[in-house]
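Working notes for the structure below.
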Amino acid sequence: MDDLHDEVREAVAAHGRMPAARIMRQRLPVLSPAQALRYVSALPHGDAPADLVALATEELVEPFKEVLGVRTIHGGARGK
């Protein structure tokens, strides 16, 4: 997410909010134009809105695959 935020901040600084919003929509088509604009408008002044960050994270970050279980197998008897 940090890379996306950096890219969007740079786009806002260099080209303005609308081109930055287009970048957001390309990377996150799930965002509406209004959501993308709200997202990029908030980034240069601090953090993006939590609801949109959660949506972006859900779309961009692969879920962690947990280990479902571990089974230890002991060899032979001890101390014999």
Practice task
Keeping to segment 1-27, report how many residues are in a loop (DSSP other than H, G, I, E, B) and at pLDDT below 90.
Solution key: 1
Practice task
Determine the pairs where a residue that is within 20 Å of H15 (Cβ to Cβ), located within segment 35-58, has a partner that is of a type in the set (F, W, Y) with Cβ atoms under 7 Å apart, the partner being 6 or more residues away or on another chain.
Solution key: A48/Y39
Practice task
Please work out if V30 is over 29 Å from V8 (Cα atoms), outside any helix (DSSP H, G or I) and either at pLDDT 90 or above or of a type outside the set (F, W, Y) (or both).
Solution key: no
Completion exercise
Within segment 1-29, residues being exposed (fewer than 12 other Cβ atoms within 10 Å of the Cβ) and touching a Leu at 6+ places or on another chain (Cβ under 9 Å) number 1
Fill in the blank from the handout: Going through segment 1-42 in order, the residues found to be over 17 Å from E59 (Cα atoms) and among the polar types (S, T, N, Q) are S41
Handout entry: Options A42, A48; residue that is assigned to a helix (DSSP H, G or I) and small (G, A, S)
Key = A42
Exercise for the section: Could you run through segment 42-78 and say how many residues are modelled with pLDDT of 80 or more and of a type in the set (S, T, N, Q)? Expected result: 1
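The values are calculated or read from the model by the stated rules, or taken from the named source; none is laboratory data. Predicted model, so just to flag it, every value in this text is computed and none were measured. Heads up, the Cβs are rebuilt from the backbone with ideal geometry, glycines too, and the neighbour counts pull from every protein chain shown.
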